[in-house]
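The values are calculated or read from the model by the stated rules, or taken from the named source; none is laboratory data. Treat the numbers as computed from the prediction; the structure is a model and nothing was measured. In this analysis, Cβ positions are derived from the backbone assuming ideal geometry, glycine residues included, and neighbour counts consider all displayed protein chains. To get the accessible areas, we keep the full protein, side chains included, count just its heavy atoms, and leave off ligands, DNA and RNA. Shrake-Rupley method; radii C 1.70, N 1.55, O 1.52, S 1.80 Å.
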Amino acid sequence: MGKRIEGKEIAKTYRENIKSLIEEKVSKGIRRPSMVAVLVGNDGGSISYMKNQQKLSESLGVKYTSIVLDESITEEELIKNINELNEDTNVDGIILQLPLPKQFDEKKVTSSISYKKDIDGLTDVNIGLLYKGDKCFIPCTAKSVIEIIKFVEPNIEGKKAVVIGRSNIVGKPAAQLLLNENATVTICHSRTKNLKDVCKEADILVAAMGRPGFVTKDFVKEGAVVIDVGTTMVEGKIKGDVVYDEVIDIASHLTPVPGGVGAMTTTMLIKNTCEAWEKNVR
Ligand code: NAP
C-alpha cells in the first residue's frame, strides 16, 4: 500500500517559511510583499479563487489588492492598467485572472505583464527562462507538481518520468521542470500510441489530462510516484485523472484529488510573490 501525499501538509512547511521570512524582514523596517490580482468581468471561478488568494496572502502577511474591471473595458485600457502596476514600485506580483472574456487577446494581455512581476509564470520571458533552466517564475500548478515530487523523491536524477498532457500551463512546464532535475522525460498526449505501456515504464507519473478515472492500476509501475493533477467536476464532485483506490495499492506515493496538487497552488503563488519582493526590496 502506497502513501497518500497530503498537499496541505507539504504546503504548511512552505507557509511557515514564508511567514517567518516576511516577519523577519518587516521587523527590520522593510515593507510587506504586495500582490495585485486583476479580474475582468465576473467569472465565478475566478472570484472564488481570488477569495482564497486573499485569505491565504493576508494570513501570511502579504498585502493583497484586487482590481475588478468591467467587461466593457477596451484591451488598450486593460493593458494601460497593467502597465501602471508594472511601474508601481510598491507592487511585487501581478496575477491576471484567466480566462479573460473572449473579446480579449489573452496572449497579448498576459504578455504585457512585466516578467519581473509575472508570478503566474505566463510571459514569454519566463517561459524561455524555464526552458533554458534559468531562475524564473514557474506556473503555480507545475511548481506544485515538482515540489511535491521533490518532497517524496529527493533523488529525481536519472529516473524515468512520464507526463500525460502537454498544455502550456501544466504538462509542458511540469515536464521541463523534471528535465531540469535530470529525469529522463517522456511527454504523452492524445495522439500517443500505446499510452498504457509508456506510462508503465515510469518511475514518476504525472497525469494532467482532465479525463476523470483514466489512469487505472494497469498504467502504473510498482513503486512509482504518481501525481494526479486532473480536476474535473463529475456529478458535483471534483475527480482526478487517476483511480485512487486502485493505484494506491501499486504506487509508492499518490496525490489525492482533492487535497493533493490543488492544495499547494495558492501557496506557490505566494511563494512566487515573495521571490519577486525579495528582489525588489534587496
Ligand atoms: P488541457 O489544456 O485540456 O490539456 C490536457 C492535455 O491532456 C492535452 O495535452 C491533451 O492532449 C491530453 N489528453 C487529453 N486526453 C488524453 C488522452 N485520452 N490520452 C492522452 N492525453 C490526453 O488541460 P490543462 O489545463 O493542462 O489541465 C489538465 C488537468 O489539470 C485538468 O483536469 C485541469 O482541470 C487540471 N488542473 C488542475 C489544477 C490544480 O490546481 N490541481 C490546476 C490547473 C489544471 P492533446 O494536447 O493532444 O490534446
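When the range 14-31 is examined, which residues are found to be touching a residue at least 24 places away in the same chain (Cβ under 8 Å) and of a type outside the set (Phe, Trp, Tyr)?
Of everything in the range 14-31, those that are touching a residue at least 24 places away in the same chain (Cβ under 8 Å) and of a type outside the set (Phe, Trp, Tyr) turn out to be 15, 18, 19, 21, 22, 23, 25, 26, 30, 31.
So in the range 237-261, with the set limited to residues that are assigned to a helix (DSSP H, G or I) and touching a helix residue (DSSP H, G or I) at 6+ places or on another chain (Cβ under 7 Å), which one is surrounded by the fewest Cβ atoms within 10 Å (Cβ to Cβ)? Reasoning before the result, please.
Applying the first criterion (assigned to a helix (DSSP H, G or I)) to the range 237-261 yields 244-247, 261.
Applying the additional criterion that residues be touching a helix residue (DSSP H, G or I) at 6+ places or on another chain (Cβ under 7 Å) yields 246-247, 261.
Working: 246: 16, 247: 23, 261: 30.
Filtering first and then ranking leaves 246.
Please list, ordered by residue number, the helices (runs of 4 or more DSSP H) wholly in the range 1-87 having 2 or more residues that are touching a Phe, Trp or Tyr at 6+ places or on another chain (Cβ under 9 Å) and surrounded by 18 or more Cβ atoms within 10 Å (Cβ to Cβ).
7-27, 44-60
Just to be sure I understand the filter: pairs with C-beta atoms under 6 Å, separated by 6 or more residues or on different chains, first member in the range 99-118 and hydroxyl-bearing (Ser, Thr, Tyr), second member in a helix (DSSP H, G or I). Which pairs pass?
Final answer for the pair search is 112/79; 112/82; 114/86; 115/125; 115/126.
Among the candidates 167, 190, which residue alone is part of a loop (DSSP other than H, G, I, E, B) and either more than 10 Å from the ligand (Cβ to nearest atom) or under 23 Å from residue 134 (Cα atoms) (or both)?
Answer to the check: 167.
Could you say which residue among 72, 46 is at pLDDT below 95 and over 29 Å from residue 30 (Cβ atoms)?
After applying the criteria, what remains is 46.
Note down all Cβ pairs under 6 Å where the first residue falls in the range 68-87 and is farther than 13 Å from residue 100 by Cβ, the second is of a type in the set (Ser, Thr, Tyr) and open to solvent by less than 40 Å² (accessible area, probe 1.4 Å), and they're at least six residues apart or on different chains.
Here the result reads 86/114, each pair linking the range 68-87 to a residue that is of a type in the set (Ser, Thr, Tyr) and open to solvent by less than 40 Å² (accessible area, probe 1.4 Å).
Which condition number in (1) open to solvent by less than 20 Å² (accessible area, probe 1.4 Å); (2) within 14 Å of the ligand (Cβ to nearest atom); (3) touching a helix residue (DSSP H, G or I) at 6+ places or on another chain (Cβ under 8 Å) is the one that residue 156 fails?
Against the list (1) open to solvent by less than 20 Å² (accessible area, probe 1.4 Å); (2) within 14 Å of the ligand (Cβ to nearest atom); (3) touching a helix residue (DSSP H, G or I) at 6+ places or on another chain (Cβ under 8 Å), residue 156 comes up short only on (2).
Would you check if residue 116 is out of contact with any Ser or Thr (no Cβ under 8 Å at 6 or more places or on another chain), open to solvent by 20 Å² or more (accessible area, probe 1.4 Å) and charged (D, E, K, R)?
It is true that residue 116 is out of contact with any Ser or Thr (no Cβ under 8 Å at 6 or more places or on another chain), open to solvent by 20 Å² or more (accessible area, probe 1.4 Å) and charged (D, E, K, R).
In this structure, is residue 234 farther than 20 Å from residue 169 by Cβ, in contact with a Cys (Cβ under 8 Å, 6 or more places away or on another chain), surrounded by fewer than 24 Cβ atoms within 10 Å (Cβ to Cβ) and β-branched (Val, Ile, Thr)?
No.
Please work out if residue 180 is within 27 Å of residue 14 (Cβ to Cβ), more than 12 Å from the ligand (Cβ to nearest atom) and in contact with a Gly (Cβ under 7 Å, 6 or more places away or on another chain).
yes
Suppose the filter is within 14 Å of the ligand (Cβ to nearest atom) and closer than 13 Å to residue 226 by Cβ; does residue 242 pass it?
Here the answer is yes, as residue 242 does meet what is asked.
Residue-by-condition table, conditions (1) crowded, with 24+ Cβ neighbours inside 10 Å; (2) within 14 Å of the ligand (Cβ to nearest atom); (3) not basic (Lys, Arg):
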position: 145; (1), (2), (3): yes, yes, yes
position: 149; (1), (2), (3): yes, no, yes
position: 186; (1), (2), (3): no, yes, yes
position: 200; (1), (2), (3): no, no, no
position: 208; (1), (2), (3): yes, yes, yes
position: 213; (1), (2), (3): no, yes, yes
position: 225; (1), (2), (3): yes, no, yes
